[in-house]
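Read-outs throughout are calculated quantities, based only on the coordinates presented, and are distinct from any laboratory measurement. Source: prediction; values computed, not measured. Here the Cβ positions follow ideal geometry from the backbone for every residue, glycine too, while neighbour counts run over all protein chains shown.
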Amino acid sequence: MGEAIMGLLRFSHMAINCKDPIATEKFYTKYFGFVRSRVVPVGDQQIIFIKLGEMYLEIFQAQGESPVSPSDRDGPQYPTWRHFAFQVDDIATKLAEMGNDAKITLGPLNFDDYIPGWRSVWIADPDDRIVEISQGFVDQDNPPPLETDLTGQKTQPIHVV
């Protein structure tokens, strides 16, 4: 239904500012399988696009220091992107592969009470962005519709302007 109204919609990219764009590119290519797909020269700098499947990270050179302290645990709690995540077959194997480059901020945690076999660990990338590494997550068979809360009670309808 959404496709008929909006046409084809795909996730495109996340743009990230980095203290050291090359270190960030190396981290995501080495440990998460991204490949360099484009470099755009902009004056004396460059914008680097790296790709995993159909998803891109657009890497910029940061201008200045962050006005907030680095996130910890599973990411910031205020309104912003909390973290982004990757699925792996086995988080212990991934952490072993990463060695000292896996700066763990939380976990590994076991979520068997929700989904048998679901485990997650959160790490910091070279710029202290939080990245979740997860195994075993699966979709819910029949999630409640958007108009209901966790108890099944109706909520206020969402009005799209």
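Of the residues 38, 10, only one is exposed (fewer than 13 other Cβ atoms within 10 Å of the Cβ) and under 26 Å from residue 143 (Cα atoms); which?
10
Which residues, counting only those in region 99-121, are of a type in the set (S, T, N, Q) and closer than 17 Å to residue 82 by Cα?
The answer is 105, 120.
Residues that are outside any loop (DSSP other than H, G, I, E, B) and among the polar types (S, T, N, Q): does region 150-161 have at least one?
no
If I ask for residues that are among the aliphatic types (A, V, I, L, M), surrounded by 12 or more Cβ atoms within 10 Å (Cβ to Cβ) and assigned to a loop (DSSP other than H, G, I, E, B), which ones from region 62-86 would you list?
62 - this is the single residue of region 62-86 that is among the aliphatic types (A, V, I, L, M), surrounded by 12 or more Cβ atoms within 10 Å (Cβ to Cβ) and assigned to a loop (DSSP other than H, G, I, E, B).
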